[in-house]
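The values are calculated or read from the model by the stated rules, or taken from the named source; none is laboratory data. Owing to the predicted nature of the structure, the values given are computational and were not obtained by experimental measurement. A quick note on method: Cβ atoms are made from the backbone with ideal geometry, for glycine too, and the neighbour counts reach across all protein chains shown.
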Amino acid sequence: MKMDKIGSWTFIVGLILAIVIAIISATSVPTWAVIVLAVIGLIVGIVNVTDEEAHNFLIAGIAFLLSFSSLSGIVSTLALGWAAVATFFSLLSIFMAPAIAIVALKVLYDITRDQ
């Protein structure tokens, strides 16, 4: 299996896991779930984003984290007590933040290294 396929599948697994965890434990997310999502996010950042995609990924990632952190509070208010929706947005942020951080570090390294 190629690395790009592994990265794509890892991203899909992270999304599905965030959905399942949010539904199962909407009010109290276990620590292991947060750690697993963060590790999967790290893998996505290392394997899934190419150098050509890095800048677009960072822009989209920053927009994602800013909008979903705000949207999480709004959705929890509008979801009429269904806490799983807000939990899903929080878990998605936990999943994406490490991926964005890894790509940002790769870009910073590429910018600052000696040519």
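Things to note:
- Counting the residues of region 38-79 that are at pLDDT 85 or above, part of a loop (DSSP other than H, G, I, E, B) and either surrounded by 12 or more Cβ atoms within 10 Å (Cβ to Cβ) or touching a His at 6+ places or on another chain (Cβ under 6 Å) (or both) gives 1.
- Tally, over region 27-37, of residues that are in contact (Cβ under 8 Å) with a residue 40 or more places away in the chain and surrounded by 16 or more Cβ atoms within 10 Å (Cβ to Cβ): 3
- Taking every residue in region 1-17 that is modelled with pLDDT of 90 or more and pairing it with any residue that is of a type outside the set (V, I, T), at least 6 positions away or on another chain, the pairs with Cβ-Cβ distances below 6 Å are G14/F95.
- Residues that are among the aliphatic types (A, V, I, L, M) and over 11 Å from the mean Cα position of the chain (by Cα) within region 35-61 comprise I35, V36, I46, V47, V49, A54, L58, I59, A60, listed in sequence order.
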